[in-house]
Amino acid sequence: MKPNKLSKLLGFIPQPNLLYNFCNLHKETILIFLMKNLRKSLSIPFLFTLLLSSKLFAQIYTDITKPNTLAYNDFISGNFRTQYEGRWGGDENDHDMYEYLSFKTKDFFHDKVTIAGSGRLSEDFDGHEDKNGAFRDILDSYDRSYNGRVYFLYADIKDPVIDKSSLRVGRQYQYSIETILFDGAKYEQKIGILDTYVFGGLRASQYTNTYFDTVAGSGISIRPFMDTRMNLDYVRIIDDEFIDDEVGFNVWQRIYEDLNFYGRYTLLNTVSKDFLVKLSWDKIDWDASVQLSYYRFLNSLAEQSNNISPISEILNTFEPFDLISLTGHKGWGEKFEVSSGIDRRNVLEKEDENTFNRDYYRTFFSFMTYNILLKESKVTFTVEYWNIKGVDHSTDANVDFDKKIGKFDIGLGTGYSFYKFNFTGSNDLAFLENSELEEDVVQKINVRTYYLRIKYLLTEQSNVSLRWISEVSDTDPETFHQLVVSYNKSF
């Protein structure tokens, strides 16, 4: 068997026990495949974790195959999905295949250890897209048509040192000030009213080389009163050109019964970066809620480490602005719901306005009905008003219809966006940075979307689905189509 056939074969093995048998039978081929395709993105700590995980897996397999013990499906749960995606725009098209696998084990080793993982295999059916092609993406930059990615793979260990502690080792995400993927370890400890953590390792990325880039951080959370919680987080990111230190402070406060406050403030390299304040009122008995928020980005942000400014070369310098949002929701019985809201975005210095940094008003009103004309149906009507200063204003209606018919779940509708990403155009950076072409290439304007989705339930744990999307805009190409067909299996 050749390694380049692996992604195709995995697409036809939905059962976990069959997948194990397949991997056991062809373990040498799979090892060659992994080393060839993942070596550029796996750091030394992650390879160590992979080795550790293999030893754990050996123990797991020994335990679950003993007579009178748990079956394989009782020990591990997860999801497998194989998906075809086709895209058409202008005179060009693109066809890709993806296989996704995620899993998590139950506790083992005296209920102290669990393992979780998620990854993807992809294959480009029609070869590499031309550098100026409409659908060129990151997969076209590799020297092969197939590609493997490990999103995360880690082991969680309960109370590794003392009580009320946990240790996570492997490839993992850290969600605090920034969302960071890294290969390393995170240790958490609860001490009285304090929750603390510290983490560190080599930074990982699915898109760029991060050799020897490191990340480290820590945080503390305290609940001084029953209705108050405060977090203080710190992260340091080191890459080839930058050393970024970021500090974030968060506070949650229950003001009165159904009224809550949230605030966030961050510093980047000792300079104020942004802050957010939000008031939320949620009255469950009335099936009603209101949210009011104010966000302000305080200082210009251009090139920093990849996590903080990953696409600044295309989006240009991020300039200061503020955004006020007010949204509300009210339900009436089991048949009706109403939602409405308004957003007001304001660029603080008018000369800083550009393609991706504009003033605008957006107002919407949605009316939802359930089981009015047909049983097991839902209809949503939405009206939006956009006012883009110096560009245009528009009022548009959207509708979404969903109906269950036996094992089928069918949905169709239409939506509107004033701005959307434009698939067609050169991906050459110099071309994108040309201010005269930037808007036409990178953005679609005045986009009307039509869609159809169909899901069929094969069993309680598996289904097949189809989604068709068509877009019509004022930007070339005026039409864009996408077809996604997938098989999904939970185990």
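Laid out as a table, the results:
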{"read-out": "Cα gyration tensor shape of the stretch 273-419, rounded if a/c is under 1.5, else prolate or oblate by comparing a/b with b/c", "value": "prolate"}
{"read-out": "Gyration tensor verdict on the stretch 161-242 (Cα atoms; rounded if a/c is under 1.5, prolate if a/b is larger than b/c, oblate otherwise)", "value": "prolate"}
{"read-out": "Stokes-Einstein D for the stretch 265-342, Kirkwood Rh over Cα pairs, 37 °C, 0.692 mPa s (µm²/s)", "value": "215 µm²/s"}
{"read-out": "Net charge of Cβ neighbours under 12 Å - reference Lys186; Lys, Arg +1; Asp, Glu -1", "value": "-1"}
{"read-out": "Nearest-0.05 FRET efficiency for Leu326 and Phe125, computed from C-beta distance (R0 51 Å)", "value": "0.65"}
{"read-out": "Ranked by how many other beta carbons lie within 10 Å on average, peptides 256-262, 362-368 from highest", "value": "362-368, 256-262"}
{"read-out": "Residue order, fewest to most surrounding Cβ atoms within 10 angstrom, among Ile76, Ile284, Ile193", "value": "Ile284, Ile193, Ile76"}
{"read-out": "Residue-count net charge about Ile469 - beta-carbon cut-off 10 Å; Lys, Arg +1, Asp, Glu -1", "value": "+2"}
{"read-out": "Net length gained if the chain between Val271 and Val464 were fully extended (0.36 nm per residue, minus Cα distance)", "value": "64.5 nm"}
{"read-out": "Cβ crowding within 10 Å averaged over residues, with 195-202, 343-350 ranked highest first", "value": "195-202, 343-350"}
{"read-out": "Estimated inter-spin distance, Val251 and Trp286, nm [label 7 Å along Cα→Cβ]", "value": "2.7 nm"}
{"read-out": "Net length gained if the chain between Ile191 and Gln206 were fully extended (0.36 nm per residue, minus Cα distance)", "value": "1.8 nm"}
{"read-out": "In nm, spacing of pseudo-spin labels at Ser141 and Thr228 (7 Å Cα→C-beta vector)", "value": "4.7 nm"}
{"read-out": "Of Lys273/Lys350; Lys158/Lys190; Lys104/Lys186; Lys104/Lys404, pairs whose Cα-Cα distance is over 23 Å", "value": "Lys104/Lys404"}
{"read-out": "Net charge over other residues, Cβ less than 12 angstrom from the Cβ of Phe367 (K, R count +1; D, E count -1)", "value": "+1"}
{"read-out": "Set of aspartates and glutamates with alpha-carbon distance to Lys106 below 15 Å, sequence-local pairs under 8 removed", "value": "Asp63, Asp74, Asp156"}
{"read-out": "For the stretch 338-406: rounded, prolate or oblate by the Cα gyration tensor [a/c cutoff 1.5]", "value": "prolate"}
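Readers should treat all values here as calculations from the given coordinates under stated rules, not as data from a laboratory. No experiment lies behind these values; they were computed from the predicted model shown. Positions of Cβ are generated from backbone atoms using ideal geometry, with glycine treated the same way; all protein chains shown enter the neighbour counts.
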